[in-house]
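Please read the structure below before turning to the comments.
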Amino acid sequence: ASRQARNSREPDGALRYHGRRDHMIKVRGYRIELGEVESALFKHPDVREAVAMAVDQKLVAVIVARVPSLTVLGLKRHCAAILPAYMVPHEFVLVPALPKTSTGKIDRVLVQKAYVDGTLESQLLASSPPSAERTSDADAH
């Protein structure tokens, strides 16, 4: 077993896998370190905070922008210039703020849960109808 894996024993002796402690994920056959994606996003001058996560085999970036003019196309071009194509997020979500833990770190678990539940307050990064909340590759083309 990997040192990064979290495992426990069930009462019946079965081994239960609880995921990894690091931020390594696998999306469509590629291993991706989420920290590398976040690092690329932080290099964009208009990104204040960012979280990268995997949801249903998609790489999603949740972003707090410094300016309201930040666009998906600009972020995609920025990421494509720095990252391999398979590491460019499929979807970008803009939020006014990211939830924090009691120690002041971004609460990744809460961000992912809110995204999956559809309760993550967000606005579209690109110019699209006001009812849209998220922008993905399909929306950007």
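Structural remarks
- Looking only at region 44-57, residues that are charged (D, E, K, R), free of Cβ contacts under 8 Å to residues at least 40 places away in the same chain and under 17 Å from Pro68 (Cα atoms) come to 2 in all.
- Picking from residues in region 70-87 that are free of Cβ contacts under 8 Å to residues at least 60 places away in the same chain and buried (at least 17 other Cβ atoms within 10 Å of the Cβ), the one that is nearest to Glu33 (Cα to Cα) is Met87.
- Residue that is least open to solvent (accessible area, probe 1.4 Å), among those in region 23-69 that are of a type in the set (S, T, N, Q) and either assigned to a helix (DSSP H, G or I) or in contact with an Asp or Glu (Cβ under 9 Å, 6 or more places away or on another chain) (or both): Ser39
- Against the list (1) of a type in the set (Gly, Ala, Ser); (2) at pLDDT 90 or above; (3) at positive phi, the condition Gly13 fails is (2).
- In region 88-112, the residues that are surrounded by 13 or more Cβ atoms within 10 Å (Cβ to Cβ) and farther than 20 Å from Arg28 by Cβ: Leu94, Val95, Leu98, Pro99, Ile106, Asp107, Arg108, Leu110, Val111
The values are calculated or read from the model by the stated rules, or taken from the named source; none is laboratory data. For clarity, every value in this text was computed on a predicted model and none was experimentally measured. Virtual Cβ from ideal backbone geometry, glycine too; neighbours counted across all protein chains shown. Accessible surface areas use protein heavy atoms only, side chains included; no ligands, DNA or RNA. Shrake-Rupley method; radii C 1.70, N 1.55, O 1.52, S 1.80 Å.
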